[in-house]
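One structure is given below, encoded as C-alpha cells.
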Amino acid sequence: MKGLRYFIVITKRAFSEAYLDFFAEHGVKNVLATQCRGSAGHKILEYMALEDCEKILLSAFVPVDKLHDIKKGIINELNLNDSGNGIALTVPIDCIGGKSALKYFAGDAALPEEDTMQEAKYSLIITVVNQGFADTVMDAARAENARGGTILNAKGTGAGFTEKFFGVTITEEKEMIYIVAKREQRDAIIRAIMQHAGANTPAMGAVFALPVDSVEGVRSLAED
C-alpha cells in the first residue's frame with residue numbers, strides 16, 4: 001500500500017519507555033511491543049556492546065511523510081546509531097484489510113501520495129524453528145556473513161494436525177529469528193539456513209524474506 005510503511009525498531013529493553021514516548025509525540029498510533037533477545041557472535045556482541053542484552057521489538061504503521069522526521073529523531077534524540085543501540089527498518093505494505101483496520105493502524109490522517117516505491121535494498125529474513133535451534137540458524141547465517149539476529153519465542157498452532165498428517169513429532173514451542181541483510185546476501189543466507197535448519201533437519205525450520213526499503217542503525221549493515 002503506497003503511502004504507508006511497517007516500521008520496526010529492535011533495541012535494548014531499557015529504552016522501551018523512551019521510544020514509546022517518542023512515538024506518541026510524533027503521532028504514531030498503536031505501537032506493538034515484543035520482548036526478544038539478541039543473537040550475535042561473541043566478536044560482534046563485543047563490537048556492538050550487546051553482550052547479555054535483553055531486547056525489545058517495537059513495530060507500528062507510519063505514513064511515509066513522517067518517516068524522515070522519525071528516522072532523524074531516533075538517530076539524534078535516541079542515539080540509534082551509537083554502538084549497541086539497535087536497528088530500525090521499514091517494510092513496504094502490500095494491503096490492509098478494510099478502512100477500519102487502516103484507521104486502527106494509521107489513525108485518521110490521510111495517507112500521502114507516493115508516485116513510486118523504492119526498490120528494496122535489504123531483506124528481513126525470518127526463520128521459524130523448533131525451540132532450541134536458534135543458534136543453528138545463526139551459525140548457518142553467519143557463515144554467509146550475516147551480522148547478527150534477533151530471537152523471539154513463539155508457540156505453534158495446529159501441531160496436532162501436522163503430526164497426524166506427516167507422522168512426525170512437531171513441537172509447539174518455536175523460535176523466530178529475524179535477520180536483516182543486504183538484498184544480495186539474501187539467497188545465500190536462506191540456502192544456508194535451509195541446509196542446516198530446514199524442514200528435513202531436527203530444527204524443522206521454515207524461512208521466508210520480506211523486502212526492506214530502508215535501514216537505520218548498525219552502520220556496517222546500512223553503509224553500501
Which listed residue, of Leu58, Leu45, is outside any loop (DSSP other than H, G, I, E, B), crowded, with 16+ Cβ neighbours inside 10 Å and at pLDDT below 90: Leu45
In the stretch 1-27, residue nearest to Leu57 (Cα to Cα) [restricted to those that are of a type in the set (Phe, Trp, Tyr) and under 16 Å from the mean Cα position of the chain (by Cα)]: Phe7
Helices (runs of 4 or more DSSP H) within the stretch 139-222 that include 3 or more residues crowded, with 18+ Cβ neighbours inside 10 Å, more than 16 Å from the chain's Cα centre (by Cα) and modelled with pLDDT of 90 or more: 183-197
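The values are calculated or read from the model by the stated rules, or taken from the named source; none is laboratory data. Just so you know, these numbers come straight off a predicted model, no measurement behind them. For neighbour counting, all protein chains shown are included, and Cβ atoms are generated from backbone atoms with ideal geometry for every residue, glycine included.
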